[in-house]
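Each value in this text was obtained by applying a stated rule to the coordinates, not by laboratory testing. Keep in mind the model is a prediction, meaning the values are calculated, not measured. When we count neighbours, we look across all protein chains shown, and the Cβ atoms used for this are built from the backbone with ideal geometry, even at glycine.
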Amino acid sequence: MDKQPLTILLANPRGFCAGVERAIEIVEQTILKFGAPVYVRHEIVHNRYVVEALEAKGAIFVEELDEVPDDVPVIFSAHGVPKCIPDEAERRNLFYLDATCPLVSKVHREAERHHKVGHHIVLIGHAGHPEVIGTMGQLPSGSITLVESPQDAEAVEVPDPDNLAYITQTTLSVDDTAEVIEVLRRRFPKICEPKKEDICYATTNRQQAVKAIAEGCDALLVVGAPNSSNSARLVEVATKAGCTYAALVQRAEDIDWPSLQGIKRLGITAGASAPEILVEEVVSECRARFDVTIQEITVTREHVQFKLPRVLTEAPGQRGAA
């Protein structure tokens, strides 16, 4: 029986960003240099495939620092942590490495600068996300007010409307965040803005790539984890851009094939914490069911790289916090 033809539009950029690659490499290099086990507080990035691969190499993932023994390295995830976490690690004299994405760290420093000059800070982000918890935890309680939506921005009350600044989570929808910012600007004309947009380059690029293919697709699959903020945003972006069916899948086995029955053009992308091997897995399963033609749609090329902590690149020596 002849297979139905299917054109796959592969969005590019997709998948791993520089911050994710750095975080994973920090875990791998720490295991190589200091031996297993190495503890990691929270999932290093939000992807079970990545986490399980690192577990197989000797990483142990925990949610809290009190689960970490005293005599092993511990790594903080790419999402960032509140200041109380490294403070506690130092109190216990733990050897720790911070895998926080440098672009998240940039937002942390931004928050500190605003606080130092007396600004109250509005953080645009999603409640409960590790990045938001980490960012709010950079300053004393009450210094930052979280706003999640335009409705929140309309209702938010601040101590001094003329002495205000905003920052954002790095993995938000660019368009949705713009709506929130528009409300804040209208309500608080003197609000201080980031010198450079806080939403990271990778989030922006992946959303632009989805917009480039969404309207021309009958369906679009985003490879990523359900707790991955940037992956979830890609599904929303695809829907808003005119794709009638967009779904998040962790693996090829999660695809709802009946929903793809009769389609001729399928878009595929991946969140910034999803490895390319999972995209290849999805494409392979499509080939098993369809006569596949692939078109890769590229909106930009990424060349960003972040350095590893010095302790991992120097010759063996004394352990210390990194």
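Summary of computed values
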read-out	value
Mean separation of Cα contacts under 8 Å (6+ apart) over length of segment 103-187, as relative contact order %	38
Relative contact order of the chain, pairs being alpha-carbon contacts under 8 Å that are 6 or more residues apart, as %	26
Cα-based Rg / Dmax (Å) for segment 18-101	11.5, 33
Separation of alpha-carbon centers, segment 1-21 and segment 119-175, rounded to whole Å	34
Under 5 Å, built H, 5+ apart or other chain: amide partners of residue 294	8
Which of 105, 141 has the fewest Cβ neighbours within 10 Å, and the rest in rising order	141, 105
Interchain or long-range residues, amide H under 5 Å from residue 270's placed H	15, 223
Dipole in debye (nearest 20) - the chain, about Cα centre, beta carbon charges: Lys, Arg +1; Asp, Glu -1	880
Cα convex hull of segment 5-147, projected area averaged across orientations, nm²	11.3
Kyte-Doolittle mean at least -0.5, axial Cα span of 24 Å or more - DSSP H helices of the chain	none
For 292, 107, 235, order by how many other beta-carbon atoms lie within 10 Å, fewest first	292, 235, 107
Loop-located GluC sites (Glu not before Pro) in segment 201-273, at most 16 other Cβ atoms within 10 Å (DSSP)	215
Shape category assigned to the chain from the gyration tensor of Cα positions, a/c cut at 1.5	oblate
Among 136, 271, 315 - extreme Cα towards positive end, dipole of the chain, charges at beta-carbon	315
Of all DSSP beta bridges in the chain, antiparallel share, percent nearest 5	0
Ascending count of other beta-carbon atoms within 10 Å, so fewest first, for 46, 119	119, 46
Relative contact order (percent, whole number), segment 18-101, Cα cutoff 8 Å, 6+ residue spacing	34
Residues residue 141 and residue 52, FRET efficiency given R0 of 30 Å [Cβ-Cβ distance, rounded to 0.05]	0.25
